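To start, the structure itself, in structure tokens.
The values are calculated or read from the model by the stated rules, or taken from the named source; none is laboratory data. Keep in mind it's a predicted model, so treat the numbers as computed, not measured. Because the Cβ atoms are built from the backbone with ideal geometry, glycine has one as well, and the counts that use them run over all protein chains shown. Each accessible area value is taken on the protein alone, full model and side chains, heavy atoms only, with ligands, DNA and RNA left out. Shrake-Rupley method; radii C 1.70, N 1.55, O 1.52, S 1.80 Å.
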Amino acid sequence: MGRVGIVGIGQTQFRSKREDVNSVELVNEAVRAALADAQLTIKDIDAIIIGNMEHFESINYSEMWTIDGSGGYMKPVMKITTGGTTGSTIACAGFYQVSSGMFDRVLVIGWEHLSESDTTGAIASCSDPIWERSVMAGAVGPLAIVASEYMRIHGTTEEDAARVAVQAHKNALNNPYAHLHLDITVDDVLNSAMLSYPMKLLDMCPTSDGACAMVFAEDKSAREITDNVAWVKSVATRHDTAFFGDGGLKHGDKLRSLYLATEEAYTRAGIKNPFKELDVIEMYEPSSWSALTWVDSLHICEPGEAPKLFEEGVLSMKGELPLNPSGGVISTNPIGATGAVRVAEAALQIRGMADRRQVPDVELAMATGFGGSGWSDVMILER
Amino acid sequence: MKKVAIVGVGQTKQEASKPHQSFAEMLYEAVKAALNDANMWFDDIGNVVSASSDFWDGRTISNMAIQDVTGTTYKKTESKVASDGTYATVYGMMRTLSEYYDTTLVAAHCKGSEGNTRIITNAIFDPLYQRAIGLDAISGAALQARRYMTKYGITEEQMAKVSVKNHGNARNNPYAQLPMDLKIDDVLNSRMISDPLKLYDCSPISDGAAAVILASEDKAKEITDNPVWIRGAGYSIDAFYLTDRDLAECDSLRAAASMAYRMAGITDPGRQIDVAEVYDSFSYQELMWTEGLGFCKPGEGGKLIDSGRTQMDGDLPVNPSGGVISAHTVTTAGLVRVVEAALQVRGEADKRQVPDVNTAVAHGTSGYCGQGNCVIVLGREK
Amino acid sequence: MVGAKVGVTSGRAKQEFNDELLRITMMVDIPYNFSAGTFGSIFFRELKDSRRIMGIKCNKCGEIFVPPRVLCPECLVELSIDDCIEVSSEGTVEGFTVVNFPFIDPNTGKVRNYPYGTGNIKLDGVSNLLWHFLKESDYSKIHNGMRVRAVFEDKRVGLPSDIRYFETIEGEGEK
Ligand SMILES: [Zn+2]
């Protein structure tokens with residue numbers, strides 16, 4: 001198995017409503033940007049992977065509908081979807097498909113036009129239709145329940161969570177693609193509307209329109225395209241049991257799938273001390289509260305220490321291990337693209353192309369995805 | 001490039017409705033059968049690729065329902081291909097080839113009985129320009145059938161022959177939903193559904209699940225003495241709007257087949273392939289697909305069925321299982337084709353066995369009117 | 001959006017114009033008819049007929065799960081309907097929230113009444129959690145570790161909502 005690298009990255013502007021484009025055009029915006037970055041044309045692409053949660057736009061077989069935007073006409077096109085993890089899953093799929101030797105250059109595209117439907121209702125319909133749908137209130141409900149568990153176990157306060165949101169929004173000010181550009185304080189978060197106790201409006205991610213595309217290439221092909229490749233060092237995925245009540249979100253002290261997936265990714269990458277070895281992390285944190293639990297699951301601190309890491313600025317832009325220089329999911333969440341944006345942002349950091357949000361001298365970066373009933377994808381990239 | 005083998009297959013009976021089983025229970029039946037077939041259990045499986053559809057399942061993230069019964073839970077990775085099971089098979093093959101995993105469980109489920117086929121397949125069409133016209137899977141196919149008949153002089157009798165042959169073959173398949181002893185006149189005189197498609201030109205919509213276990217070259221040899229090798233795989237996609245295509249042609253199937261044949265080293269498919277399982281949602285589609293698969297020239301699908309070559313006693317039987325027209329489990333139907341083709345290669349297809357199968361083709365389709373196509377070539381030798 | 005909006009409603013499709021850009025609203029109702037399956041049917045039948053909450057005990061690891069299912073999610077051994085057992089209808093709140101925003105219930109197409117309390121409940125003796133409604137909707141009166149009991153509807157139809165909600169057991173404190 002030869003090396004696989006990311007050689008092209010394209011993101012659209014993420015906004016609450018991209019009324020200036022339909023979904024096909026939205027996809028095309030990201031594809032053109034990724035191809036331009038790689039200095040390739042669609043003719044150079046061997047296969048395409050597309051990720052999108054079809055109920056959010058109510059388009060069945062959306063890979064077919066978007067073909068004029070993706071450039072997939074008469075090419076191998078595969079649609080892979082796993083809920084919130086869709087974007088990170090298609091990045092992993094890009095890696096697997098190139099690794100297989102079947103294709104030299106694979107274009108992966110994650111997109112969502114969330115303003116076109118009722119997102120909370122569509123998310124609620126991810127719960128088991130018979131068992132859990134009647135109690136579910138979008139993603140907010142279960143995430144708020146986990147937050148309450150984390151509070152109880154670690155004595156965490158609402159200020160601790162608010163600090164996370166403030167850091168994310170502050171970082172987003174450096175990211176021209178980010179959906180929300182909010183210059184806010186801890187008090188602003190604490191005084192924002194209570195959505196679902198203890199989750200307040202500014203603790204929670206928005207819903208965004210947008211797309212993200214990347215070109216994955218095999219070793220030789222990648223080096224021909226550019227001398228600035230973000231190489232994939234390892235990937236890992238863990239899912240969890242079928243019901244929300246069973247596993248993944250049961251343990252408020254950590255996200256079991258993320259704990260196990262990062263462990264596998266570190267082992268495959270030969271990383272022994274992730275806190276010391278990683279230079280930057282792009283983590284899929286759907287809310288400030290989730291960020292606390294998720295950080296505790298990365299093997300970079302002891303359980304319950306996440307609030308302290310945020311408070312002491314360890315995870316800030318100037319800290320030892322910057323988390324989400326992009327502003328993360330709290331500032332931008334176009335569901336089918338969100339996980340892909342984490343990988344894209346991590347790759348930009350590796351390639352030194354992250355402009356005002358660049359962390360100096362990034363050699364090793366990690367991106368994560370979150371979705372389903374507590375599922376996690378992990379991808380580790382190196383220069 | 002190394003090769004990947006199928007080392008276990010399983011399927012449920014395909015039925016009009018399976019009210020006694022939830023999605024998970026139904027899929028577990030197929031997964032368990034595949035594990036037993038391979039003499040393996042969940043611990044032996046490296047990772048899982050599933051195929052299902054949020055629209056057909058009525059659930060955002062349809063694969064949430066099947067985590068336990070595919071043995072995924074928090075112990076391994078699962079990923080869902082939101083398309084036909086043949087695509088999941090190809091993706092599973094690629095994940096195995098990546099050397100990250102030496103075995104992959106491919107699992108597909110669908111319950112056509114639980115949703116509303118008309119609304120679900122109407123949702124395939126463009127929301128702004130086409131949905132209001134009322135197009136769905138059947139009326140779209142009717143447009144295609146009419147165009148195919150017009151361009152190539154395909155007759156209703158030739159289409160009817162497919163239905164007679166496949167429903168007849170289904171009598172040898174205990175898993176098929178509609179074994180029937182039909183005459184050509186029965187098809188021609190059946191109720192008109194959407195001109196020119198009559199009731200017996202159309203597949204039913206079915207409930208069912210299927211599973212296949214893939215293994216790397218080295219692993220396959222440990223697991224079984226009778227591996228079925230994936231010699232080649234290919235897939236491709238045509239234009240979206242019906243009006244952008246010549247519906248009498250299946251260009252994306254030709255592209256998919258040529259990719260698969262190149263990988264498998266097949267140069268004369270009509271001679272080198274011993275049996276084919278194709279995704280015939282409608283009678284005319286089998287004729288078109290045999291053209292796209294290169295068994296005959298474009299427009300000669302009608303002549304091919306007239307020749308008798310695709311009958312059970314012909315030299316290139318198509319759909320010994322009864323095909324999709326005898327049981328249509330949508331996202332699962334292509335994986336059923338893979339299961340059936342693998343059984344043919346192993347010589348274990350019982351009453352529907354074609355003699356001396358060395359090379360078999362499984363075909364799946366996605367979207368409407370054969371927009372997307374996937375072709376898998378299976379063989380006794382690598 | 002900028003510019004004056006003009007709404008045109010025709011049948012079930014609705015168009016909204018502004019100066020240049022057009023949005024078209026469609027309501028897509030897709031009815032489904034889900035099978036509870038063999039194990040689920042036992043749960044709902046017992047709930048409906050006897051106000052009993054059924055779980056399943058794994059014959060290998062001994063863990064008890066609600067609702068019953070065909071495989072133990074921990075050790076992946078096949079379970080049978082004979083492994084189904086009644087579990088306690090009392091338990092402890094392990095995690096909770098009070099939903100305080102309007103949203104369209106995908107089951108009904110209508111906005112669900114809010115605020116409402118909901119939580120993960122660990123029924124006594126059961127290994128996993130049951131996610132359900134809480135009677136209490138004032139979050140200052142809910143805490144993790146709180147003891148609750150199921151309140152059943154008088155008229156039950158064989159749905160999770162046959163358990164109206166879990167109410168606080170006064171005086172039992174934390175567990
Ligand atoms: Zn067990």
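Inter-label distance, C:D124 to C:K110: 3.6 nm, where each label sits 7 Å from its Cα along the C-beta direction.
Near B:R171, the amide H atoms lying under 5 Å from its own belong to B:M180; only residues 5 or more places off or on other chains count, and H is placed 1.01 Å from N.
For region B:323-371, the fraction of 1.4 Å probe accessible surface lying on carbon and sulfur atoms is 43 percent.
In this simple spin-label approximation, B:M192 and C:S161 carry label points 7 Å from Cα along the Cα→Cβ vector, and these lie 4.5 nm apart. When A:M78, B:M259 are compared by accessible area of protein heavy atoms, the largest-first order is B:M259, A:M78, using a 1.4 Å probe. If you sort B:R262, B:R131 by accessible surface, 1.4 Å probe, largest first, the order is B:R262, B:R131.
Under the criterion of Cα pairs below 8 Å and six or more residues apart, the relative contact order for chain A equals 26 percent. When a 1.4 Å probe is rolled over the protein heavy atoms, the share of accessible surface on chain A that falls to carbon and sulfur comes to 47 percent.
Mean per-residue shielding of peptide A:257-266 is 1, counting Cβ atoms of other chains within 10 Å of each Cβ.
Pairing chain A with chain C buries about 3700 Å² of accessible area. This figure sums both sides and uses a 1.4 Å probe. Close amide H pairs (under 5 Å, H built 1.01 Å from N) link A:Q13 with no residue at least 5 positions away or on another chain.
Charges were assigned to the Cβ only: +1 to each Lys and Arg, -1 to each Asp and Glu. The resulting dipole of region C:89-175 about its Cα centre is roughly 260 debye. Computed over the Cα atoms of the protein assembly as shown, the ratio of the radius of gyration to the Kirkwood radius (Rg/Rh) comes to 0.96.
For region C:34-87, the Cβ-based charge dipole about the Cα centre amounts to some 180 debye (Lys, Arg positive; Asp, Glu negative; other atoms uncharged).
Scalar couplings 3J(HN,Hα) for region A:289-302, obtained by applying the Karplus form with A = 6.51, B = -1.76, C = 1.60 to θ = phi - 60°, are 4, 4, 4, 5, 5, 5, 4, 5, 9, 8, 6, 10, 7, 6 Hz; x denotes Gly and Pro. All other residues whose Cβ lies under 14 angstrom from that of B:D195 are scored, Lys and Arg at +1 and Asp and Glu at -1, for a net of +2. With contacts taken as Cα pairs under 8 Å and at least 6 residues apart, region A:300-383 reaches a relative contact order of 20 percent.
For chain C, the mean residue ellipticity at 222 nm estimated from helices alone is -2500 deg cm²/dmol, where every DSSP H run of n ≥ 4 contributes -39500 (n - 2.57) and the total is divided by all residues, rounded to the nearest 500. Computed over chain B with a Gaussian network model linking Cα atoms closer than 10 Å, the most mobile of B:I120, B:I325, B:I266 is B:I120. Carbon-plus-sulfur accessible fraction, region C:34-87 (probe radius 1.4 Å, protein heavy atoms only): 43%. For chain B, the longest piece that avoids every one of the GluC sites (Glu not before Pro) found in DSSP loops with at most 15 other C-beta atoms within 10 Å covers B:100-347. Just to check, using Stokes-Einstein with a Kirkwood Rh over alpha carbon pairs, what's the diffusion coefficient of region C:34-87 at 37 °C and 0.692 mPa s in µm²/s? This corresponds to a translational diffusion coefficient of 298 µm²/s. Karplus-based coupling profile of region B:245-259, in residue order and whole Hz: 10, 8, 5, 7, 10, 10, 4, 6, 5, 4, 5, 5, 5, 5, 5, with θ = phi - 60° in 6.51 cos²θ - 1.76 cosθ + 1.60 and x standing for Gly or Pro.
Summed for both chains, how many Å² of accessible area, to the nearest 100, are buried between B and C with a 1.4 Å probe? Using a 1.4 Å probe, the pair buries roughly 2000 Å².
DSSP finds beta bridges in chain A, and of those with both partners inside it, around 75 percent are antiparallel. Burial here means at least 40 square angstrom less accessible surface with every protein chain in place than with the chain by itself, probed at 1.4 Å; in region B:16-37 the buried residues are B:E25, B:Y28. Interface burial in region A:5-53 reaches 20 Å² or more for A:E19, A:M53, comparing the full protein assembly with the chain by itself; accessible area from heavy atoms with a 1.4 Å probe.
Comparing C:Y114, C:Y165, C:Y32 in a Gaussian network model of chain C (Cα springs below 10 Å), the most mobile by mean-square fluctuation is C:Y32. Accessible surface computed residue by residue for region A:119-220, with neighbouring protein chains in place and a 1.4 Å probe, gives 29 Å² per residue. For the residues A:G372, A:G83, A:G270, a GNM of chain A with alpha-carbon springs under 10 Å puts the largest fluctuation on A:G270. Relative contact order of region C:89-175: 29 percent, from C-alpha pairs under 8 Å at least 6 residues apart in sequence.
For region A:312-329, putting each phi into the Karplus relation 6.51 cos²θ - 1.76 cosθ + 1.60 with θ = phi - 60° gives couplings of 7, x, 4, 9, 7, 4, 9, x, 6, 9, x, 10, 6, x, 6, x, x, 6 Hz, in residue order, rounded to whole numbers and with x for Gly and Pro.
Compute the helix-to-body angle for C:37-50: its Cα long axis versus the longest principal axis of chain C, expressed 0 to 90° and rounded to tens. Orientation of helix C:37-50: about 80 degrees from the principal axis. Extension gain for B:Y129 to B:N116 (0.36 nm times residue separation, less C-alpha to C-alpha distance): 2.5 nm. Electrostatic bookkeeping for B:M312 treats Lys and Arg as +1 and Asp and Glu as -1; over the other residues with beta carbon under 15 Å from its beta carbon, the sum is -3. The residues of region C:34-87 expose, per residue, 41 Å² of accessible area to a 1.4 Å probe. Among the GluC sites (Glu not before Pro) in region A:319-383, those located in a DSSP loop and surrounded by at most 13 other Cβ atoms within 10 Å of their own Cβ are A:E363. Of C:L47, C:I85, C:F65, which is farthest on the positive side of the dipole of region C:34-87, counting Cα position, with +1 on Lys and Arg Cβ, -1 on Asp and Glu Cβ, and the Cα centre as origin? So the residue we want is C:L47. Pairing chains A and B buries close to 5200 square angstrom of accessible surface in total, based on protein heavy atoms and a 1.4 angstrom probe. Any lysines with Cα under 18 Å of the C:K48 Cα? List them, leaving off those in the same chain fewer than 8 positions away. Of all the lysines, those that pass the test against C:K48 - Cα under 18 Å, at least 8 places apart if same chain - are C:K155. Measure up B:K165/B:K303; A:K79/B:K111; B:K3/B:K32 against 22 Å on the Cα-Cα distance and list the ones that go over. Exceeds cut-off: B:K3/B:K32.
Here's the picture: charge each Lys and Arg Cβ at +1 and each Asp and Glu Cβ at -1 in chain B, and of B:P269, B:P204, B:N169 the one pushed furthest to the positive end of that dipole is B:P269. In chain C the longest region clear of GluC sites (Glu not before Pro) that are loop-assigned by DSSP and have at most 16 other C-beta atoms within 10 Å covers C:64-152.
The figure for A:L195 is an accessible area of roughly 30 square angstrom, using a 1.4 Å probe on the protein chains alone. Just name one of B:G58, B:N39, B:A24: the one whose Cα is farthest towards the positive end of the charge dipole of region B:8-67 (beta-carbon charges, Lys/Arg +1, Asp/Glu -1). Checking the options against the dipole of region B:8-67, the answer is B:G58. Listed by chain and number, the lysines whose alpha-carbon sits under 21 Å from that of A:K17, ignoring those within fewer than 8 places in the same chain, are C:K5, C:K14. Under 5 Å between amide hydrogens, built in the peptide plane, is the criterion, and for A:K79 it picks out A:I50, B:A82 among residues at least 5 positions away or on other chains. For region A:119-138, a reduction of at least 50 Å² in accessible area between the chain on its own and the assembled protein chains (probe 1.4 Å) is found at A:C126, A:P129, A:I130, A:W131, A:R133, A:S134, A:V135, A:A137.
For region C:22-175, the equivalent ellipsoid derived from the Cα gyration tensor has semi-axes of 28, 23, 15 Å, listed largest first. About the centre of its Cα atoms, chain B shows a dipole size close to 240 debye [charges on the beta carbon of Lys, Arg (+1) and Asp, Glu (-1) only; nearest 20 debye].
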